[in-house]
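Worksheet: the structure to be examined is printed underneath.
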Amino acid sequence: MGRFLLRPRWLAGLALVVLVAVSFVRLGFWQLDRLRERHAYEALVAQRLTAPPSPLTELLRSTAGDDALGFRRVIAEGTFDPLHEVILYGRTQGEQTGNHVLTPLVLEDGTAIAVDRGWVPLGDDAPPLRDAAPPAGWVRVTGVLFPSEVSPADTVAPPSPVTTFARVDLGALSEQVPYELAPAYVLLGSQDPPAQVLPRIAPLPNPAASPPHLSYAIQWFSFATIAVVGFVILIRREHRRSQGAEGPVGAATGPG
């Protein structure tokens, strides 16, 4: 058995199956590595969300990098600047489509941080929104920090100020405000004094809604198994075929 495996086409097929199987196995282990990284990230996020909120100015001084700032609970105090407010369009809450309101909060030192104050239904979309005006005067906000949804490398400054954004683009927003803007924004959790009716506080995104890495890994391992088993089946079929072809020859040359 197996002499036919030395033929060029079978050697090429064997090499191809080995290459494919090894590649699929490597992809499966890569997905498992991604799964471990995701679990570690989710544990880090859970730790940050259960920690007490930190003063924003202290956190910005002591922390660098988008990953280090994300999902940290903060407290900030200042005054809202509705004149430089922008709308984040196409945001849903429940089954309703609306917008989020992103308003700069000017801090005591003259710098500012953008605050996603929450969701408003579709309607008067030109900021500042009369029905969702921020409280006047000094405000204390508590929320969770997030990095810009558009990286600085991808930011394209508009030729003139815009009032609607598809995503939080802090780089573009910083080009149209008269103060330094923090490299992260706050998703509002509460404020004092509180909003009257609108905006509605937006829920936190779910960090546990991760891609199904385990399912992908199982699929890649299954593909590798199918490739190997399929090639073995082909070998067995070819072996039986070759035996059947040799049988009559052997019988004709036997004694008698």
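The values are calculated or read from the model by the stated rules, or taken from the named source; none is laboratory data. Only a predicted model underlies this, so the values are computations on that prediction, with no experimental measurement involved. Cβ placement follows ideal geometry from the backbone for every residue including glycine, while neighbour counts extend to all protein chains displayed.
The conditions are (1) within 25 Å of the chain's Cα centre (by Cα); (2) assigned to a strand (DSSP E or B), and Leu59 fails exactly one of them. Which is it?
If we test Leu59 against (1) within 25 Å of the chain's Cα centre (by Cα); (2) assigned to a strand (DSSP E or B), just (2) comes out false.
Take the residues of region 168-224 that are of a type in the set (Asp, Glu) and assigned to a loop (DSSP other than H, G, I, E, B): which is farthest from Leu44 (Cα to Cα)?
The selected residue is Glu175.
Please tell me if Thr57 is out of contact with any Gly (no Cβ under 9 Å at 6 or more places or on another chain) and of a type in the set (S, T, N, Q).
Here the answer is yes, as Thr57 does meet what is asked.
Hey, can you tell me all the residues within region 84-139 that are touching a residue at least 24 places away in the same chain (Cβ under 8 Å) and part of a helix (DSSP H, G or I)?
Once the filter is applied, which keeps residues that are touching a residue at least 24 places away in the same chain (Cβ under 8 Å) and part of a helix (DSSP H, G or I), region 84-139 yields His84, Asp131, Ala132.
From the list Ala46, Ala68, Ala21, pick out the single residue that is assigned to a helix (DSSP H, G or I), more than 13 Å from Ala184 (Cβ to Cβ), under 20 Å from the mean Cα position of the chain (by Cα) and among the small types (Gly, Ala, Ser).
After applying the criteria, what remains is Ala46.
Does Pro147 satisfy being assigned by TED's automatic domain parsing to the domain that holds Thr97, closer than 30 Å to Gln31 by Cβ and modelled with pLDDT of 75 or more?
Judged against the criteria, Pro147 is a match.
When Glu77 is evaluated against the numbered criteria (1) part of a loop (DSSP other than H, G, I, E, B); (2) at pLDDT 90 or above, which criterion, by number, is the only one it fails?
For Glu77, the failing item is (1).
Kindly list the number of the only condition in (1) farther than 26 Å from Pro121 by Cα; (2) modelled with pLDDT under 90; (3) in the same structural domain as Tyr89 (by TED's automatic domain parsing) that fails for Thr164.
(1)
Give me the pairs: first residue in region 146-172 and under 22 Å from Leu129 (Cα atoms), second residue surrounded by fewer than 18 Cβ atoms within 10 Å (Cβ to Cβ) and modelled with pLDDT of 85 or more, beta-carbon distance under 6 Å, and six or more apart or on different chains, which are they?
As it stands, the answer is Pro161/Gln176; Thr164/Tyr89; Arg167/Glu149; Val168/Glu149, since those pairs meet every condition given.
Return the only residue of Val45, Val106, Val22 being among the hydrophobic types (A, V, I, L, M, F, W, C) and in contact with a helix residue (DSSP H, G or I) (Cβ under 9 Å, 6 or more places away or on another chain).
Exactly one residue qualifies, and that residue is Val22.
Across region 179-203, what is the number of residues that are within 22 Å of the chain's Cα centre (by Cα) and surrounded by fewer than 14 Cβ atoms within 10 Å (Cβ to Cβ)?
1
Tell me, please, whether a residue that is within 22 Å of the chain's Cα centre (by Cα) and within 26 Å of Val120 (Cα to Cα) can be found in region 209-218.
yes
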